[in-house]
Amino acid sequence: EEEVIVGLSGKELTQRVQLLQEIVTSFVFSYLRRGLLDKDKLTVASMLALRILVRSGVVQPQELSMLIRAPVDPQAPPMPESTRAWLSELQWAQLKSLEQIGVFKSSTGALTQNLEQDSLGWKRWFAEERAEAADLPRGCRELSTFHRLFLLRVLRPDRIGAALTQFVVDNMGSDFVEQPPFDVAQTFEESTYLTPIFFVLFPGTDPTPLVEGYARKLQITEANGRLTNISMGQGQEQVALDAMNRAAKDGGWVMLNNIHLMQAWLRQLERTLEFIEEFAMPDFRCILTSEPPSALQGPLWEMVPEAVLQRCIKIADEAPTDLKSNLRRAFSKFSQVSVDACLKPKEFKATLFALCFFHSLILGRIKFGPQGWSKKYPFNDGDLTICAQVLCNYLNSAERLGTDVPWPDIRYIFGDIMYGGHITDFWDRRVCNTYLATLILPELLSNLTLAPGFKSPDASKMEYVQYQKFIEERFPPEQPQLFGLHPNAEIGFLTAQGISIFRTIQSVSGSDTGVSNLDISSSQPHISRYMEALPADLDMADFRGKVKEEDYTPYIITSFQESDRMNLLLQEIRNSMIELELGISGQLNVTEGMERLSDALQLNRVNDSWLKLAYPSLKSLSSWFADLLQRVTQLGAWAGGRELLKSIWISGLFNPMAFLTAVMQVTARAKGLPLDYMTNRTTFLNTRDPTEIAGLPANGVHIHGLFMEGASWEDGKGDDEGYIADSKMKELHPEMPVANVYSVHIEKMDWSHMYKCPVFMTSERGGTFVVQ
């Protein structure tokens, strides 16, 4: 019987092709999303939506490039006074660069002109909680959703995640942002004997019951010998290989758990998977499970061979990470049996609940980035269950001996041994111990407030099941205050998330648009601009020639050390750009280093070879270069002037600690005190403008360039010193006043009414610590 061919009109054919495109796109994305980490799903969905719009001609590649890079205009005019209170110089320069796009330079006036004329309207929109949904000021209300992304990218990066989500929904449909629950049956229907199924393991998730439950429906069980479940570890290598060969021949299933523990053996697994393809039965299935790389290893660590991953269907079914879900999961690790095993059930229930809440808090803080933890730590369920066992042992011992509950001992074991065993940063340890000092207290038995709006329930009236019900019904909505953080912490987290999306798009696309590769010759205008502005090396021979040997002081030595390091950086910048220029002109062969520099210049990133000789910084290239010029100016005035400046821009130094040590050295020599017993004391003036300072202080030095994070500074009245206050909304990094740093003997150092505040060189914290 001949196949009937149905004729389609031009319109019908177009509609059918469009429908097929949508179906194929949806299926491919669903397959891909199943193996993505939650934090990467919006990034991939946004990349897909933008790429489709570019190929369909709706979005121009040049406009997409501008959105992803958010470049600054190097010739931007001075920012008007009406916007200085709420807009930064960087944002102003970025807005000016947007005027290269026609829609932002319409007949109603350029974008920056509109912003200057309607400053109050723009300030009102800027302050909106959900700026992505609020009406824009006059002149921009007719912008498309795509062009609104530009304004959010520059002015409200904390809302770009929500805006991209809505953008994907509007252009692709809600299926691209709302993932249905994992369907084990559908996954196995897609699999074959040639495609293993790879489960990524996360805390709170275990695929084993899902696999065994579905296998049971197909009459595949361990009892009838058709299912083999092996937990990998030492001595299981040959057992696993034998099971794979046997299951392939008999058409059975084999599940290998925790293969990340067998790094050296995984190459053998790879070869075995290739070998059994030749004789495996159609019913054969191989299921693999592995943890993702740990925080210490980094996301790019090759834990499982790439060839193994490429042949697998990958499943990354993460458990919810909100605070309530973490608390629910933590408490589920125990049961009424755990409670009954303790001789002090009331104290055990109350403290166990607080311990689970503490565990949820320290896991939840991870999302706040460096403000949550300075470093990443692999806290896990084992820490929780061991601490619970220690708690039970201590309470049982106290009951038998008739003594009080040793609360300090319990806090010490939890904070310094168990959880503290992961922590390597002193300030992170202080956070951990502060939580415990607030939560693990005898007041737990009398409705202690665990967090705003959340009190410890009465343990005498609650059993395990009632605690579970309490979590479901009484847990307050999640907000930063539950972690002891200011709402600004969430703004910082969302801002970092938004910036990360575009940075990831840049890195994985291999270009700024993902449409075409960067042309090395396109970096020539950037080279010309930066070479023109790059200052000459500091004249160290002249500086040193003006200083007599007896005039060398710790301050002068520090200024020379800083100047020497700056010259090395200036020379590297100059030489690398000259080489690139010669490569573009054809006088030198283009090297990989030249290509990396060209990409960095066009993507507004600091080149890697410059970073190696530079200071810690998170700024984009344009801001970093402007900062570099200011540093050179300060060093020229300081080292060339042979005397200390009225105030040192402390954040403009390569090694701030060396300068602060010089303060102690000068004082120790002047007063005949041992240097090892000196420490610095800091007081803050009531001015933020170093030009207002008349001269050097009577003791020590003046410094400026410090900023607060997680708090603000309230200026004092008259000659009274200011004090630390709560953060103000949307002021993420308020500037600190000029400070007077002077040295005292450690016996005279008084910390009363003072806060020991760490100082870091960047908001990444961690290894950029300077002093407290």
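How about the range 747-767: which of its residues are of a type in the set (G, A, S) and within 15 Å of R430 (Cβ to Cβ)? Walk me through how you get there before you give the answer.
Taking the range 747-767 and keeping what is of a type in the set (G, A, S), we get 752, 763, 766-767.
Answer for the range 747-767, where residues must be of a type in the set (G, A, S) and within 15 Å of R430 (Cβ to Cβ): just G766.
Out of the residues in the range 441-460 that are hydrophobic (A, V, I, L, M, F, W, C) and open to solvent by 10 Å² or more (accessible area, probe 1.4 Å), which is farthest from V405 (Cα to Cα)? So the residue we want is L450. Among the residues of the range 346-365, just one is touching a Pro at 6+ places or on another chain (Cβ under 9 Å) and among the small types (G, A, S), namely A350. Being outside any loop (DSSP other than H, G, I, E, B), open to solvent by 60 Å² or more (accessible area, probe 1.4 Å), more than 21 Å from Q166 (Cβ to Cβ) and not small (G, A, S) holds for only one residue in Q113, Q100, Q75, Q91, and it is Q113. Candidates in the range 203-259 are the residues that are within 17 Å of I276 (Cβ to Cβ) and free of Cβ contacts under 8 Å to residues at least 24 places away in the same chain; of these, the one that is most open to solvent (accessible area, probe 1.4 Å) is R246.
Would you mind stating whether E532 is over 29 Å from F502 (Cα atoms) and out of contact with any Asp or Glu (no Cβ under 9 Å at 6 or more places or on another chain)?
Working: over 29 Å from F502 (Cα atoms): yes; out of contact with any Asp or Glu (no Cβ under 9 Å at 6 or more places or on another chain): yes.
Answer is yes for this residue.
Kindly indicate which of Y412, Y419 is aromatic (F, W, Y), farther than 26 Å from Q479 by Cβ and part of a helix (DSSP H, G or I).
Working: Y419 fails: farther than 26 Å from Q479 by Cβ.
After ruling out the rest, the residue left standing is Y412.
Taking strands (runs of 3 or more DSSP E) as the structural unit, those lying wholly within the range 684-772 and holding at least 1 residues that are of a type in the set (V, I, T) correspond to 701-704, 723-725, 739-745, 769-771. Answer yes or no: is there a residue in the range 391-401 that is without any contact (Cβ under 8 Å) to a residue 24 or more places away in the chain and either hydrophobic (A, V, I, L, M, F, W, C) or closer than 23 Å to G484 by Cβ (or both). Yes, the conditions are met somewhere in the range 391-401.
Report the residue count in the range 30-72 for those that are farther than 30 Å from S528 by Cα, among the hydroxyl-bearing types (S, T, Y) and either open to solvent by less than 20 Å² (accessible area, probe 1.4 Å) or not in a helix (DSSP H, G or I) (or both). The total comes to 3.
I need the full set of residues from the range 87-112 which are at pLDDT 85 or above and touching a Gly at 6+ places or on another chain (Cβ under 9 Å), in order please. Within the range 87-112, just L111 meets the criteria. Can you confirm whether the range 395-417 contains a residue that is of a type in the set (A, V, I, L, M, F, W, C) and within 23 Å of the chain's Cα centre (by Cα)? No, the range 395-417 has no match at all. State whether the residues of the range 510-530 include one that is at pLDDT 90 or above and open to solvent by less than 30 Å² (accessible area, probe 1.4 Å). So far as the range 510-530 goes, yes, one or more of its residues are at pLDDT 90 or above and open to solvent by less than 30 Å² (accessible area, probe 1.4 Å).
Scanning the range 745-756 for residues that are open to solvent by less than 50 Å² (accessible area, probe 1.4 Å) and either among the aromatic types (F, W, Y) or out of contact with any Leu (no Cβ under 9 Å at 6 or more places or on another chain) (or both) yields a single hit, M749.
Only residues that are small (G, A, S) and assigned to a helix (DSSP H, G or I): list them for the range 150-185, please.
Residues of the range 150-185 small (G, A, S): 161-163, 173-174, 185.
Residues satisfying the conditions are G161, A162, A163, S174, A185.
If you go through the range 612-624 one residue at a time, do you hit one that is aromatic (F, W, Y), in a helix (DSSP H, G or I) and within 21 Å of D537 (Cβ to Cβ)? Yes, the range 612-624 has at least one match.
The residue that is nearest to L653 (Cα to Cα), among those in the range 539-594 that are over 39 Å from the mean Cα position of the chain (by Cα) and small (G, A, S), is A541.
Which of the residues that make up the range 667-683 are part of a helix (DSSP H, G or I) and within 40 Å of the chain's Cα centre (by Cα)? Talk me through it step by step, then tell me what you get.
Start the filter on the range 667-683 by keeping residues that are part of a helix (DSSP H, G or I), which leaves 667-671, 675-677.
Within the range 667-683, L675, D676, Y677 qualify.
Taking the range 611-639 as the range and being open to solvent by 20 Å² or more (accessible area, probe 1.4 Å) and farther than 28 Å from Q94 by Cβ as the test, the residues that pass are G636, A637. Scanning the range 332-390 for residues that are more than 28 Å from W427 (Cβ to Cβ), of a type in the set (D, E, K, R), open to solvent by less than 40 Å² (accessible area, probe 1.4 Å) and part of a helix (DSSP H, G or I) gives E347, K349.
The values are calculated or read from the model by the stated rules, or taken from the named source; none is laboratory data. From a predicted model like this one, the values you see are computed outputs, not experimental measurements. For neighbour counting, all protein chains shown are included, and Cβ atoms are generated from backbone atoms with ideal geometry for every residue, glycine included. Note: areas computed on protein heavy atoms with side chains; ligands, DNA, RNA excluded. Shrake-Rupley method; radii C 1.70, N 1.55, O 1.52, S 1.80 Å.
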